[in-house]
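Structure first, then comments.
The values are calculated or read from the model by the stated rules, or taken from the named source; none is laboratory data. Remember, predicted model here, so these are calculated numbers, not experimental data. Because the Cβ atoms are built from the backbone with ideal geometry, glycine has one as well, and the counts that use them run over all protein chains shown. Protein only, heavy atoms only, side chains kept; ligands, DNA and RNA dropped before computing areas. Shrake-Rupley method; radii C 1.70, N 1.55, O 1.52, S 1.80 Å.
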Amino acid sequence: MASDEPSTKRQKTAVSKVSLDDLSKTIENTKVLAEAPASGPFICTHHGTFHADEAMACAMLKCLPDYAELPVVRTRSAADIDRATIVVDVGAVYDESKSRFDHHQKTFTETYSSDYPEIKLSSAGLVFKHFGSRVIEALCGALEAKTVAKLVSKTYDSLIRELDALDNGVSVADKPRYRFCTHLGARIGRLNPGWQEKSTPAMENERFQKAMLLAAKELSDVVSGYCESWLPARSIVEAGLSKRRELHPSGEIMKLPGFCPWQEHLFDIESEEEDARTPLVKYVLFADSRAGWRIQAVPKERGSFENRLALPKAWRGIRDKDLSELTGIPGCVFVHAAGFIGGHSTEDGAFEMAKKALEENAKTA
């Protein structure tokens, strides 16, 4: 084992933010080798067909100063694996203290947490479980601990969990109605040499470098999006929730100043605070991008196409003057045929639609 192995547990130090350009250049300058160098530290993974999990694992390590400059050796040589600074997806050993992160051994049962009992970790999940906080701060800059925790949880739940499930053969649904062919795992899989190509170790390693670049871009896009767009929306949703009873005595209408990614924040806050779910918000109002206002029904649960209280059936699929006459509210623009969203030319008009929707649904309840 290399004596210069970096520890996965270390004191918090100053964080230097890594941009996608920086990360891409780091990976482009990384040597991907078929044999271990005679001396010095290196990252080790397996040769042959590569998958999204080890490409992502290596991309995450490349975010961190301990590993950014290290070559990647793709091998199954036990001697090279034993010498490596850190090993992912090969070696049949999971031992954080020795920086060994494989999941193929029969005895392996590790999951990310008790929230995900049916999905064992892949090498991506293993690396993220032990380095996730550092990866998040590398991509976002220094953050408060509670903010890092939120972003770590969000990133695992979406991006990394998908890779863990894919590598362990966990289907997205018992009877999916269609198949995905554009997900990260599929796109990385297509970088492997085709069966009609004359593959060589050099070709495989060149393609694996491209796979790391693709994984790095996905990681950066997802994490940066959560940090810069998704997370700031929480305070907007909190403010809207705190004023909902001032807006309407029912507490079932919430108003936001404009569109923001509100749904997951609403569900999160409701799960954390009893007052936020007593009663549950039924409609959310927000300004749209064309100077009008929208009224949107809140889904029954995350990702659901069913709503807690859809807009009245009689309004659905009706537009403009016809809708205004039907509702008795001048300036209506539309209500979607599925009843999950509608529009009005003014803020007051959208509020009137929400109030009337509550009244109309109460009559038919």
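Which translational diffusion coefficient, to the nearest whole µm²/s, is obtained for region 76-116 from the Stokes-Einstein equation, given a Kirkwood hydrodynamic radius over C-alpha pairs, 4 °C and 1.567 mPa s?
Stokes-Einstein gives a translational diffusion coefficient of 118 µm²/s.
Please compute the volume of the convex hull spanned by the alpha-carbon atoms of region 262-311 and report it per residue in Å³.
It comes to 85 Å³ per residue, whole-number rounded.
For residue 300 paired with residue 206, estimate the spin-label separation in nm (one decimal), with each label point 7 Å from Cα along the Cα-to-Cβ line.
5.4 nm
Rounded to the nearest 0.05, what FRET efficiency do residue 348 and residue 149 have when you use their Cβ-Cβ distance and R0 = 35 Å?
0.30
What is the spin-label model distance, in nm, from residue 195 to residue 221 if the labels are put 7 Å beyond Cα along the C-beta direction?
Those two pseudo-labels are separated by 3.0 nm.
At 7 Å along the Cα-to-beta-carbon direction for both residue 106 and residue 93, put a label point, then send me their distance in nm to one decimal.
Between residue 106 and residue 93, the simple spin-label model gives 2.0 nm.
May I ask which residue of 184, 79, 29 lies farthest towards the positive end of the charge dipole of the chain, with charges of +1 (Lys, Arg) and -1 (Asp, Glu) on Cβ and the Cα centre as origin?
It is 184.
Mind putting a number on the dipole of region 292-335 about its Cα centre? Charges go on the C-beta only, +1 for Lys and Arg and -1 for Asp and Glu, and I need it in Debye to the nearest 20. Don't skip to the answer; put the middle values down first.
Numbers: 8 positive and 5 negative charges, 32 e Å.
With only Lys, Arg, Asp and Glu charged at Cβ, the dipole is about 160 debye.
With +1 on each Lys and Arg Cβ and -1 on each Asp and Glu Cβ, how big is the dipole of region 129-196 about its Cα centre, in debye rounded to the nearest 20?
The calculation lands at about 180 debye.
Dividing the Cα radius of gyration by the Kirkwood radius, what Rg/Rh value follows for region 16-147?
0.97
Please work out the C-alpha center-to-center distance from region 226-296 to region 301-365 and express it in whole Å.
18 Å
Restricting to bridges with both residues inside the chain, how much of the DSSP beta-bridge set is antiparallel, in percent to the nearest 5? Could you put the intermediate results ahead of the total?
Numbers: 17 of 29 bridges.
Percent antiparallel among DSSP bridges in the chain is about 60.
Just the accessible area per residue of the chain, please: how many Å² with a 1.4 Å probe?
Values: 18800 Å² over 365 residues.
Value for the chain: 51 Å² per residue.
Would you work out what percent of the accessible area of the chain, with all protein chains in place, is carbon or sulfur (probe 1.4 Å)?
51 percent
Please identify the cysteines of the chain that lack any partner cysteine with a Cβ under 4.7 Å from their own Cβ.
Cysteines lacking a close Cβ partner in the chain: 44, 58, 63, 181, 260, 332.
Provide Rg and Dmax in Å for region 145-252, with only Cα atoms included in the calculation.
Final numbers for Rg and Dmax: 20.5, 71 Å.
What's the magnitude of the charge dipole for the chain around its Cα centre, counting Lys and Arg as +1 and Asp and Glu as -1 at the beta-carbon? Answer in Debye, nearest 20.
Values: 48 positive and 53 negative charges, 126 e Å.
For this selection, approximately 600 debye.
Could you give me the percent of Cα pairs per 5 Å distance bin for region 219-365, shortest bin first, beginning at zero and ending with the bin that holds the maximum distance?
2, 10, 19, 22, 20, 14, 8, 4, 1, 0
Considering only region 222-365, what is the antiparallel percent among its DSSP beta bridges, to the nearest 5?
Bridges in region 222-365 that DSSP calls antiparallel: roughly 80 percent.
Starting from the Cα of residue 31, draw a straight line to each of the lysines and keep only those under 18 Å, dropping any in the same chain fewer than 8 residues away.
62, 210
Filter the cross-link list 17/282; 150/282; 146/282; 25/106 down to pairs whose alpha-carbon distance in this structure exceeds 32 Å.
17/282; 25/106
If R₀ is 45 angstrom, what is the calculated FRET efficiency for the pair residue 337 and residue 82, using the beta carbon separation as r and rounding to 0.05?
After rounding to 0.05, the efficiency reads 0.10.
Got a sec? Charge dipole of region 114-241, +1 on Cβ for Lys and Arg, -1 for Asp and Glu; which of 171, 123, 222 is way out at the positive end?
My answer, from the dipole projection, is 171.
Local charge sum around residue 21 (other residues, Cβ-Cβ under 12 Å, Lys/Arg +1, Asp/Glu -1)? Write down the numbers at each step before the final one.
Working: positive: 17, 25, 217; negative: 22, 28.
Every neighbour counted, the sum reads +1.
Can you give the percent of C-alpha pairs in region 220-281 whose distance is more than 16 Å?
44 percent
Please figure out what share of the DSSP beta bridges in region 29-120 is antiparallel and state it in percent, rounded to the nearest 5.
Counting DSSP beta bridges with both partners in region 29-120, the antiparallel share is about 25 percent.
Rg(Cα) of the chain divided by 2.2 N^0.38 Å? Kindly include the intermediate steps, with their values, before the conclusion.
Values: Rg = 25.2 Å, N = 365, 2.2 N^0.38 = 20.7 Å.
Here the Cα radius of gyration is 1.22 times the empirical estimate.
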